[in-house]
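The values are calculated or read from the model by the stated rules, or taken from the named source; none is laboratory data. Please read all numbers here as calculations on a predicted model, not as lab measurements. Quick reminder, even Gly has a Cβ in these numbers, built from the backbone with ideal geometry, and neighbours come from all protein chains shown. Only protein heavy atoms, including side chains, enter the accessible area calculation; ligands, DNA and RNA are left aside. Shrake-Rupley method; radii C 1.70, N 1.55, O 1.52, S 1.80 Å.
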Amino acid sequence: MASGAAVLESDHLISRLDRWLLKLEQVLALLSGIAVFSLMVLAVVSVGGRNAFNAPLPGYVDWIEQAMPLIAFMGIAYVQRDGTHIRMDIVISRLKGRALWLFELISVLLILILMMALVYGSWSHFLRSFDFAAPLWSRDSSIDIGLPIWPAKLLAPVAFGVLCLRLMVQAWGYGRAFVLGLDAPVAVPMIQSAAAQAAAEAEQLADPKAEQE
Amino acid sequence: GEVAATEWNVSVWGKRRAFTEHVEKLAELVSEKTGGEFTMNISYGGLSKNKENLDGISIGAFEMAQFCAGYHRDKNPTITVLELPFLGVNTLAEEVAVSHAVYAHPAVQKDLARWNAKLLMTSPMPQYNIVGTGEPRDELAEFKDMRVRATGGIGKAFSAVGAVPTSVTATEAYNAMESGVVDTVAFAQHAHLAFGTINRAEWWTANLNPGTVNCPVVVNTDAYDALSDSERDALDSSVSEAIDHYLANYGALLDKWDGVLAEKNVTKVELAESELDAFRTVAADPIREAWIADMTAQGIPAQELYDLVMKTLSDVRAGN
Amino acid sequence: MEPIDIGLWVTGGLLAMVLLGMRVAFAAAMAGLVGLVWIFWAKFGYAPDKFTKALTVSVKIAGQVPHSKVSSQALSLIPTFILIGYLAYYAGLTKALFEAAKRWIAWLPGGLAVSTVFATAGFAAVSGASVATSAVFARIAIPEMLKIGYNKQFAAGVVAAGGTLASLIPPSAILVIYAIIVEQDVGKLLLAGFIPGAFSAVIYALLIVGIAVVFKSVGPPVRGFTWKQRFAALPAALPIVFVVVIIICFVYNPFGGDAWGTPTEGGALGAFVVFVMALIKGMKWAQLKSALLDTAKLTVMIFTIIWGVLIYVRFLGFADLPGAFSDWITSIDASPMLILVCILLAYAVLGMFMDAIGMLLLTLPVVYPAVMALNGGEAVSAADSAFGMSGTMCAIWFGILVVKMAEFCLITPPIGLNCFVVAGVRDDLTVQDVFKGVTPFFLADGVTIALLVAFPGIVLFLPSLAG
Ligand code: NA
Ligand code: NA
């Protein structure tokens, strides 16, 4: 269920901001995807090394644990951009016009407050593992081969920071739609009925050129 | 206003086992001595992940916690002196003595003060020994190319004799052994029982004693300072009783251990003293020297800490 | 106010936020954060000057959770399983499977529908996501069924129901999530999914054959494939066999001797096999890139729910709500089996409105300890237990039951995602059509669940072999 809703575009400043941010988000999400791919390669190397040369990858578990935040966090703003983070829209899909934009605005503002708090919380988690005076700046290391953990911990506030930017764009988008009473605002995911959303999703998955026979 | 009762949250992990008995006993004693005014709520994993118990103490999320130094060497470099291979600690009582001597050292207290933590007591662990499948390995030469689940200093010791330390989490250790990812697993006895590795074992080294991990119990300094005098007395005076309870309980487990070996038909492997000496020469000295050099470079009185361990050990033995 | 009361209030607030359409991941994290602040402030006696301190401590506790919970080796199975599914698609495995199933079993009454069920079961062995499976087969299988005169609604129902098999038959992202929440062995859970998944497929097939025999018009058999044609269809479907063999052998070696590695390694090697197949099929960088982006998107979505919900769970830990709930459940004066059935029925109702992953993540931290307590605790032996199985086995059994319930909810109205997807793919089908067509399969799922409850051996046979 990886596909979200359409985001409309225009020449308006907010839409330009939206697309500029999208470029950054796509790079980060691709980074996430490449990290998944390297996970696969890592396992092949580890199993191969163990069976062929009796030389398992040293610190295999440590490396996986380091890669996981890269996979789990980097795409978070990209997913928020088109509304893929799941929700129950049984109530909200019945709303229209200003009422809908107001609901969306409140929801986005709440998430923004939450994420700003988590940027602070995850940043302080990072700081506890970081020490300029220590070798490799490390004050927290992995169990097996002692890798510094601060780079992985730093990924959380960075990804959450980008998400905060995205939420600000969306708050502006919904706020504008609410004030101006717009029908089809830019820079925010347009709510679709569950059925339309599923159709878009199936469309994306069942791309005929991909099914090669 | 009214005098509020003091309730501490304590973060440990896993299930209640020999390894947490002193914490349970401490809670019981403190509550008894204060007539229920000072109680402890022990949570097994609900408050934090084990590797982040020091973070939780530093934040003030809970007042007391247990952790192992080897989980995160950079968080607590000074305590890792107790995890050096082949320190020569033979009994749980000796382990308690050296741990508490090290905990009392100002450099160690300063190290832990970075986490707003005060060291309260240790969780003495017997020496790690390996269980394995196949032919028993009772000579150093047979350790070559052996895939062993061992982390930290013990892992380094094994790689010094040509074994291949393999990273597997404790919970995956059984699977790893079953699947041949590793040939052997190094654990303390209670962990061989808890993680089921004993069920795959055909042999167990009784006297390899390469080292162990050190797992202190700490309290949040502010919470400790905020205790009333009578509460603090109740806490401080209960530590040695709690440790005694732990030792008695673990001792019973060790007594049972031989029965477990017999029941599961596990061979008890004794390495010859010459083999052990050879192992120590290759593994103990270089690793200790590297550790001392590393730590000294970070401004830690490493040699002093190591000497303290050795001195305490000989004092304890002289006292016996 | 006692921590448990705070726990209940915050949980109520969470449900309200979810109902009003806040993204589940963030609603859960928000509830957790607010709950933590409440608990700490209460601990400080609600002193006005202590509020900032309560807030800071809570934000720092919540801020640990994302990194702390996400850096886990076991969770790395989720992205690899998702990647396998997307790559399998580019490797052309879906069409190959349907073709093979058609040539081999379409001679049965309702044969094309039975073929569809078995092809979806086969695809389930490389796909971790149910909805994706339904979407793909709606394109391939429905047109062929309509061509030979199948009832339109029935054809749609077959595909929607068949898709649900993907989460039971490994690889399955949702089984991994269950294993992580309840801290059980991932490998054994994956292994446990095989037989119930295949069993569900067989029950579906029996139902279809029965319907086709009674109502001749529903689905005529397809005959006339030669043995040569049949065997010719097999090679293209071979990667599935590889993946199944690899995943099984990395958990438990049925040929005797040691397993080949850990489940984490098995998942990654399975993905590698499918990746090589996709390369052979001519996958280019553009397609790989979109597979990676889609994988990242779905992975991030799932992980955001995971850490969001775990912030809420961390709060529950401070409020000790799971303990209180399981005390309450075990104090109820009714047979444990009756209580278990009530819990499963509650899942059926909840699942009508909620997404499967969100539902499991939100409920399991409270419900799982209660079920374990009902059976007699984590360490109980089979002889002393209420359900006649050890604690570990009970955890596996309940996991499969709950996942089957969650899958059932993918085809029940009003929110049955698989049905929406099928209707979305086909312009000539409305959602109502698909819901109508899928109704007979409620019966099949009901029978399956009842049998899994009554005969736990179906679930526990394979994992107990693995020791
Ligand atoms: Na599957
Ligand atoms: Na439903």
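Quick look at the numbers
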item: Global form of the range C:201-352, assessed from the alpha-carbon gyration tensor, a/c cut-off 1.5; result: oblate
item: Whether the range C:180-263 is rounded, prolate or oblate, judged on the alpha carbon gyration tensor where a/c under 1.5 counts as rounded; result: oblate
item: Heavy-atom surface of the range C:1-119, accessible at 1.4 Å and reported per residue (Å²); result: 30 Å²
item: Peptides C:39-52, B:64-77 ordered by average Cβ neighbours within 10 Å, highest first; result: B:64-77, C:39-52
item: The range B:222-320: C-alpha gyration tensor shape, a/c 1.5 cut-off, then a/b vs b/c; result: oblate
item: Cβ-derived FRET efficiency at R0 25 Å, B:A113 paired with C:A47, nearest 0.05; result: 0.40
item: Partner aspartates and glutamates for C:K281 [C-alpha distance under 20 Å; skip if fewer than 8 residues away on the same chain]; result: A:D207, A:E211, A:E213, C:E99, C:D294
item: Electrostatic dipole magnitude of the range B:101-144 [Cβ: Lys, Arg +1; Asp, Glu -1; Cα centre; debye, to 20]; result: 480 debye
item: Cut-off under 5 Å, modelled amide H: who pairs with C:I411 long-range; result: none
item: Rg/Rg_globular for the range B:144-190, with Rg_globular taken as 2.2 N^0.38 Å and Rg from C-alpha atoms; result: 1.04
item: Residue mean of other protein chain beta carbons inside 10 Å, C:268-276; result: 4
item: Table column - 3J(HN,Hα) (Hz), the range C:71-88, Karplus curve with 6.51, -1.76, 1.60, x for Gly and Pro; result: 7, 9, 5, 5, 5, 5, 5, 4, x, 5, 5, 5, 4, 3, x, 5, 5, 4
item: DSSP beta bridge pairing in the protein assembly as shown, given as percent antiparallel to the nearest 5; result: 50 percent
item: Among B:C68, C:G224, C:V159 the positive-end extreme of the charge dipole of the protein assembly as shown (Cβ point charges); result: C:G224
item: Solvent-accessible area buried by pairing A with B, both sides, nearest 100 square angstrom, 1.4 angstrom probe; result: 2000 Å²
item: Amide N of the range C:405-425 lying under 18 Å from the label point, which is placed 7 angstrom from the Cα of A:A6 along Cα→Cβ; result: C:424-425
item: Inter-chain Cβ neighbour average for residues A:123-134, partner chain, 10 Å; result: 4
item: Relative contact order (%) - criterion: Cα under 8 Å, at least six apart; region: the range B:136-197; result: 33 percent
item: Estimated FRET transfer efficiency (B:S31, C:D384; beta-carbon r; R0 45 Å; 0.05); result: 0.90
item: 16 Å Cα-Cα reach of B:K110 towards lysines, excluding residues that sit fewer than 8 places from it in its own chain; result: B:K75, B:K118
item: Tilt relative to chain B, helix B:302-319 - C-alpha long axis, 0 to 90 degrees, to 10; result: 90 degrees
item: Percent of C-alpha pairs per 5 Å bin, the range A:11-185, short to long; result: 1, 8, 12, 15, 15, 13, 11, 8, 6, 5, 3, 2, 1, 0
item: Student exercise, the range A:11-185 dipole from Lys, Arg, Asp, Glu Cβ charges, in Debye to nearest 20; result: 420 debye
item: On Cα atoms only, tilt of C:186-214 relative to the major axis of chain C in degrees; result: 50 degrees
item: Cα-based equivalent ellipsoid of chain C: semi-axis lengths in Å, sorted from largest, via gyration tensor; result: 40, 24, 23
item: Length gained when the stretch B:K311-B:S228 is fully extended (0.36 nm per residue, less Cα-Cα span); result: 26.3 nm
item: Amide H contacts of B:V217 (H built 1.01 Å from N, under 5 Å, at least 5 apart or other chain); result: B:L120, B:M121, B:T122, B:S123
item: Chain pair C, A: total accessible area buried, heavy atoms, 1.4 Å probe, Å²; result: 7100 Å²
item: Heavy-atom accessible surface of the range A:11-185: percent carbon and sulfur, 1.4 Å; result: 73 percent
item: The protein assembly as shown: calculated mean residue ellipticity at 222 nm from DSSP helix runs of at least 4, using -39500 (n - 2.57); result: -21000 deg cm²/dmol
item: Average Cα contact separation per residue, the range A:11-185, under 8 Å, 6 or more apart, as relative contact order %; result: 28 percent
item: Pairs from B:K33/B:K311; B:K264/C:K69; C:K102/C:K284; A:K153/B:K25; C:K228/C:K436; B:K49/C:K43 whose Cα-Cα separation, in the structure shown, is over 31 Å; result: B:K33/B:K311; B:K264/C:K69; A:K153/B:K25; C:K228/C:K436
item: Of C:S130, C:P170, B:T133, farthest towards positive along the dipole that unit charges on Lys, Arg, Asp, Glu beta carbons give the protein assembly as shown; result: C:S130
item: The protein assembly as shown: projected area of the alpha-carbon convex hull, averaged over directions, in nm²; result: 41.7 nm²
item: Per-residue ³J(HN,Hα) for the range C:56-62, Karplus 6.51 cos²θ - 1.76 cosθ + 1.60, θ = phi - 60°, Hz, x for Gly and Pro; result: 4, 4, 5, 4, 5, 5, 4
item: Relative contact order %, the range C:305-419, counting alpha carbon pairs below 8 Å whose residues are six or more apart; result: 30 percent
item: Per-residue mean of C-beta atoms belonging to partner chains within 10 Å, peptide A:48-54; result: 2
item: On Cα atoms only, tilt of C:130-147 relative to the major axis of chain C in degrees; result: 30 degrees
item: Integer Hz, Karplus 6.51/-1.76/1.60 couplings in order for the range B:71-88, x for Gly and Pro; result: 5, 7, 4, 5, 6, 9, x, 5, 5, 5, 4, 6, 9, 4, x, 6, 5, x
item: Calculated FRET efficiency for the pair C:S217/B:A104, C-beta based, R₀ 51 Å, to 0.05; result: 0.05
